[in-house]
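Just below is one structure, and these are the notes that go with it.
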Amino acid sequence: MTCRSPCLRVFALRKGAPCGPLIPPDRRHEELELSIMESQKSRRRRGPPTQEPPQSPKQVAPQPPPRPWLTWSLATVLLLGLTYFLRPDIYLTNWIGPLLGHGHLQGLADDIDQEATLRPRIELHPEHHVYRAPVTHYLDWRVTTGQRRPDGVLKEVFLINDLFPGPTIEARSGDTLVITVINSMTEHPVALHWHGLHVPNGVDGAAAVSQCPIAPGAQYVYNVSLPATQSGTFWYHAHAGVSRGDGLYGGLVVHAPASKSTVRGLMARGGSDLDRYGYDKELLLLIGDWYHPPAEDVLAWYKNPGNFGNEPVPDSLLVNGVGKFDCGMAVRARPLDCIPHLMDSSFLNLDPNRSYRIRVVNTGSLGGFSLDFDRENLELLQVDSVDVERSQQKDVNRVGILYPGQRMDFVLRPSAKEGKGPSSMMVELDQECFKYMNPALTPDQLFPIYYNGISDPDRMTLVPSIRNKLNIQEIPSSASILATLPEKADETHVVYTKIQKMARNNNSPYGYFNMTTWKPQSDPLVPLIALPRENWDANQFSLTTGPGSRWVDLVVNNLDEGPHPFHLHGHHFFILAIHESTFGWGSYNPFEDPVPTGFDAETDPAQPYDLSRAALRDTVQIPSRGYAVLRFRADNPGIWLFHCHILWHLATGMAMLIDVQGDPAGLVAHDASVLPAGEICPPLRA
């Protein structure tokens, strides 16, 4: 039987003993020692004494009293010393923590099993991919759940092949991924989306849109052809329910092939990104906010009318699946199973004589973040897998804000004038969406950077002081990318989005596009690409592009009180304008307004946008009471989601559909073969 407090579990040491009151901190050590002594005494009293036949008395030399405690103490010291020698960063605290009153008795075997699946350092190997011809990769993935302590707090997370985060995929442009996904769970359906990749609609992974979710016990094969025109940092994540918030995601890096080749068709050494940008190694950082309760419980809290539509503020943050949480900061109203631990921060162990390409993904559910470095300078290369204009600013050590779903790549170079000692990285969560204070959260977290894996005990980890910073929202794409942007679009569409709390929904918050909140098709329960548009139900708001490949302007007006990071599946878009109003709704309708709202009255209506500052992205942050003008080439046929990437907003309907190159009359489905005739999909959970 277990007693729970916000950060301490006190176990009854004898089976069946009832839980008593919480032991005061100053008496935990004493009480624990007394309990152990009582337990040892009770073991010595067990069983009747052995009956020996009577023997004649003999004179025996007096013997010293037995000292079993000495033997046990020596064995314990030796075991702790060996453990500390092998893994000083993790296991020692799990043994001595209970004696110090900071946790509970924890079995070493369980920790070893869990630590074996952690790999905070994700080092990439472009040299294995950029000099070869395209190949097909065959992967078998088994999706399960398991108990883990990413930041010291026990939580059931989603696992792929027993890994959290899931396996990192490395490939090159033109490769093919054949991934067999087996859903070995008993309750949760699964679908995986390949975020940022322009894949065929049928393998996009959006449950209820392009496929049925993979039912418990079933399997599905994703045949993903990586476009020859795409390379960069991507990721995959769950797109059924809210399982992304419980860890069902992983990294996906597509390396650009080297530009030179030999007569035999093999890539010659040189001409790769390593040479182009001047770096030596690559590291991947999957960074995002983290919630301690299950994501379905967090969603239920958000939908509760008593919480007035306030988005749930996260409890922690993780880097490559690990974090650090102060157990003493836990909220008493929400007890946790928490033990303190030393975080493995090897994800940023560096060599002072090398430069690194750092690939960063925001895997979070709500908040954006910025990165600050103490003794390093950075050069931004890409955002959302697209080359950006190289900044002329020098001595830059801060970059952001990176919003949920977005990625950025930069080269990190040790500063010559700063020496070779330890450094640090600060992750600063953007709190614009945090509408109340969560005392459990530390929004700014500092992580040490060790060169050659050597720490300096005499030098404290210092908070970086900002020298110069880059705002990725203001940085345009490179000139070669902008050369593909036409001056005019072939068609224009205007939409309005907002979160509404209405009586017909019991005053729960739901997201809307043009007064329609998205829900999976219910009658019949089939993917939308398998159903003619005329048979869609009332929850499917969509735009239809014209026949063939066309350039489309999409004006998105955010009437909401908060910002939203919107993501378009299957395409990238040029961001032509973003405006945030200081008063009023701040909306823009190009069919009524001669110039965009917020622009100078003398702006040329024929060409109001500065195309030289456009940015090609697949995710855009649209401010509160503002709008964005997006231009994209509708050249990937299918039904594509456009949705807010805040997990709680997508789960409550802030999504719409774009029908690209579909039947103008809506009488023919895009692909009826994705589901055998007469079959329906398994229902989705929350």
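No value in this document is a laboratory result; all are computed from the given coordinates. Predicted model, so just to flag it, every value in this text is computed and none were measured. Note that we place each Cβ from the backbone using ideal geometry, even for glycine, and neighbour counts take in every protein chain shown.
The table below lists the values:
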read-out	value
Mean Cβ neighbour count within 10 Å, used as a protection proxy, ranking 308-315, 578-585, 358-365 highest first	358-365, 308-315, 578-585
Euclidean distance between Cα centres, region 227-251 to region 656-678, Å	24 Å
Cα gyration tensor, region 485-674 - rounded (a/c under 1.5), prolate or oblate	oblate
Difference of contour (0.36 nm per residue) and Cα-Cα distance, ARG142 to GLU561	146.8 nm
Cα centroid separation, region 593-645 to region 495-531 (Å)	24 Å
Gain in span if fully extended, SER391 to THR484, counting 0.36 nm per residue against the direct Cα distance	31.4 nm
Amide proton proximity set for VAL209, modelled H, under 5 Å, gap of 5+	LEU528
Packing-based ranking, highest mean first, of 488-496, 444-452 given that Cβ atoms within 10 Å are counted	444-452, 488-496
Long-range HN-HN contacts of HIS195 with modeled amide H, under 5 Å	TRP235, TYR236, HIS237
Normalised contact order of region 122-479, rounded percent, pairs of Cα under 8 Å and 6 or more residues apart	16 percent
Mean-position separation - Cα centroids, region 204-226 and region 356-419, in angstrom	33 Å
For region 663-671, 3J(HN,Hα) per residue [Karplus equation, 6.51 cos²θ - 1.76 cosθ + 1.60, θ = phi - 60°, Hz, x = Gly/Pro]	5, x, 7, x, 9, 10, 6, 5, 7
Prolate/oblate/rounded call for region 122-479, Cα gyration tensor, a/c under 1.5 rounded	oblate
Violating pairs (Cα-Cα greater than 32 angstrom) within the set LYS281/LYS498; LYS281/LYS469; LYS324/LYS435; LYS281/LYS519; LYS155/LYS394; LYS394/LYS498	LYS281/LYS498; LYS281/LYS519; LYS155/LYS394; LYS394/LYS498
13 Å Cα-Cα reach of LYS488 towards aspartates and glutamates, excluding residues that sit fewer than 8 places from it in its own chain	ASP553, ASP610
Derived scalar couplings ³J(HN,Hα) [region 389-394; Karplus, 6.51 cos²θ - 1.76 cosθ + 1.60; whole Hz; x for Gly, Pro]	4, 6, 6, 8, 6, 9
